[in-house]
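The values are calculated or read from the model by the stated rules, or taken from the named source; none is laboratory data. Worth saying up front: this structure is predicted, and the values here are computed from it rather than measured. Glycine also receives a Cβ, built like all others from the backbone with ideal geometry; neighbour counts cover every protein chain displayed. Note: accessible area is taken over every heavy atom of the protein model, side chains too, but ligands, DNA and RNA are not part of it. Shrake-Rupley method; radii C 1.70, N 1.55, O 1.52, S 1.80 Å.
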Amino acid sequence: MTGELTFSSRWWAWWSNPLIAIHEEHRVSLPLTKEQLDNIDYFNLLQLRSTLNMPELPDDRLILRPELRSIAIATNNVLEEHLQRFALFSLDASILHARPQDWESSFGVNSPEVIREIIVLKNDLPEALIQWQESAARHMANTLKKQLFLHDRIRLGFAVYLRSYFPKIYQRWQLTQAKEIIDWSNDLEPIPQELWDVIDHWSEAAFCALHSEVYSHHEVMELHFDPDDTSDNSFEEIDFLHKEDHA
């Protein structure tokens, strides 16, 4: 099985089955017993998808950013590593003057490299995004009544991105997140549709890096057979990231 086929199969499995990677807060509220959930059959799965009003197909826009499929497979740590820029959506200009101890107490960040990267991203934010970003950050600062660490701000910002441009994928992905994160994201104004080209260019490198790391784990075992060779046939691992025909 090729790397692309394995990758695509895992994506469609995640898309089709809302129980895959579901957050416990959502799992306990499902209209099925624990026994049914642990041994779900095809009929109950169809019923569950209908109850959750899950769309049959993902957003058409996915064809423009196919790397987004990697969110179905990536671990939380990998997502947070590559999607740090989305934390900016809830961070106001005060971070530019915050002391290292403020970063640790307010955002749970004690890495100088991470702090430096966030500040660089803040300073390099496209001008077209600044008005929306500043409005969203002010709203969060005025309404947030609790401490919110960086990893949660990444998920919050990414949720707003999905809700703005990939609402069908957002409907599936939100089941993997704590309800509090989803509630906060729903409280923010969506990113204007006319900014799609701007934000797609701004986030492209992050999604490509995420996809590259996730996809690199999907290798193929290829059999090499030589009828003139009397030794045992062997398998060779091939990384499909480096094959010329990789889509």
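Quick notes on this structure:
- Answer residue from the range 5-20, given it is of a type in the set (Phe, Trp, Tyr) and surrounded by 14 or more Cβ atoms within 10 Å (Cβ to Cβ) and is nearest to residue 69 (Cα to Cα) among those: 11
- Restricting attention to the range 71-127, the residues that are of a type in the set (Lys, Arg) and in contact with a Phe, Trp or Tyr (Cβ under 6 Å, 6 or more places away or on another chain) total 0.
- Selection from the range 116-152 of residues that are farther than 22 Å from residue 193 by Cα and of a type outside the set (A, V, I, L, M, F, W, C): 116, 117, 123, 142, 143, 145, 146, 147, 151, 152
- Selection within the range 21-40 - in a helix (DSSP H, G or I) and loosely packed, with under 13 Cβ neighbours inside 10 Å: 24, 34, 35, 38
- When the helices (runs of 4 or more DSSP H) confined to the range 41-136 are screened for residues that are open to solvent by 90 Å² or more (accessible area, probe 1.4 Å) and β-branched (Val, Ile, Thr), none reaches at least 3 such residues.
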